[in-house]
């Protein structure tokens, strides 16, 4: 994240396979940023097969207008599977942040030593919460804790805007997943 007094510009790529909630967690992050009065772009990309195929979103959050939604060298990555990690990790900026789902990723490629890596067992933490589908929220919670750009409370407030009404009953477990990911990130960190 580039920062100069009240002016930030954060480029994030969130990726995994279809069915991991990549698009929904990206929409939540975008909604959070809008609710906080930030400029945002969101550019989703779906694999041909959708569920089981690859999915990724490029999200830019800034204090100023954003010229282009395409991200060449992201500040942060949230990677939910190994295929996505291998595809996007080489593009991560020096000094960047990598949040990875260690439940699905065994091997981390060689990265610049300035990159902060948070290996979150997102699937396991989601199962502990009773809903394997909230692994994406666990990973987002870890990202929010490390970047300190937007808060978990802003995320919780944005959930009803992003989730279809029939899923509003999942707001409590999604809230707990965000908090669990943030708590995990608070106590763990390593560098590449």
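The values are calculated or read from the model by the stated rules, or taken from the named source; none is laboratory data. It should be emphasised that the depicted structure is a prediction, and the values quoted were computed from it without experimental measurement. Methodologically, a virtual Cβ is constructed for each residue, glycine included, from the backbone with ideal geometry; neighbour enumeration extends over all protein chains shown.
I'm trying to understand the selection: among the residues of the range 1-16, which are at pLDDT below 95 and touching a strand residue (DSSP E or B) at 6+ places or on another chain (Cβ under 6 Å)?
Correct list: 1, 2, 9.
Among the residues of the range 112-132 satisfying the criterion of being within 20 Å of residue 147 (Cα to Cα) and touching a helix residue (DSSP H, G or I) at 6+ places or on another chain (Cβ under 6 Å), which is surrounded by the most Cβ atoms within 10 Å (Cβ to Cβ)? If you could, list the steps in order and put the result at the bottom.
Filtering the range 112-132 for residues within 20 Å of residue 147 (Cα to Cα) gives 112-122.
In the following step, the residues that additionally are touching a helix residue (DSSP H, G or I) at 6+ places or on another chain (Cβ under 6 Å) were identified as 118, 120, 122.
Numbers: 118: 21, 120: 25, 122: 33.
Per the criteria, the residue is 122.
Scan the range 100-111 and tell me whether some residue there is out of contact with any helix residue (DSSP H, G or I) (no Cβ under 6 Å at 6 or more places or on another chain), more than 14 Å from residue 136 (Cα to Cα), surrounded by 15 or more Cβ atoms within 10 Å (Cβ to Cβ) and modelled with pLDDT of 95 or more.
no
Do you know which residues across the range 105-135 are assigned to a loop (DSSP other than H, G, I, E, B), in contact with a strand residue (DSSP E or B) (Cβ under 8 Å, 6 or more places away or on another chain) and under 25 Å from residue 171 (Cβ atoms)?
The answer is 121, and nothing else.
Mind checking which strands (runs of 3 or more DSSP E) fall wholly inside the range 13-81 and carry at least 2 residues that are within 12 Å of the chain's Cα centre (by Cα) and within 14 Å of residue 136 (Cβ to Cβ)?
54-62, 76-79
Looking at the range 118-150, which of its residues are under 19 Å from residue 106 (Cα atoms) and within 11 Å of the chain's Cα centre (by Cα)?
Passing the criteria: 135, 136, 138, 139, 142.
Quick check on my filter: what residues within the range 59-76 are farther than 20 Å from residue 37 by Cα and surrounded by 15 or more Cβ atoms within 10 Å (Cβ to Cβ)?
71, 74, 75, 76 - these are the residues of the range 59-76 that are farther than 20 Å from residue 37 by Cα and surrounded by 15 or more Cβ atoms within 10 Å (Cβ to Cβ).
Kindly establish whether residue 138 is touching a strand residue (DSSP E or B) at 6+ places or on another chain (Cβ under 8 Å) and either assigned to a loop (DSSP other than H, G, I, E, B) or buried (at least 16 other Cβ atoms within 10 Å of the Cβ) (or both).
Spelling it out, residue 138 is indeed touching a strand residue (DSSP E or B) at 6+ places or on another chain (Cβ under 8 Å) and either assigned to a loop (DSSP other than H, G, I, E, B) or buried (at least 16 other Cβ atoms within 10 Å of the Cβ) (or both).
Out of 156, 162, I need the residue that is within 21 Å of residue 10 (Cβ to Cβ), surrounded by 16 or more Cβ atoms within 10 Å (Cβ to Cβ), touching a helix residue (DSSP H, G or I) at 6+ places or on another chain (Cβ under 9 Å) and without any contact (Cβ under 8 Å) to a residue 40 or more places away in the chain. Which one?
Being within 21 Å of residue 10 (Cβ to Cβ), surrounded by 16 or more Cβ atoms within 10 Å (Cβ to Cβ), touching a helix residue (DSSP H, G or I) at 6+ places or on another chain (Cβ under 9 Å) and without any contact (Cβ under 8 Å) to a residue 40 or more places away in the chain holds for just one of 156, 162, which is 156.
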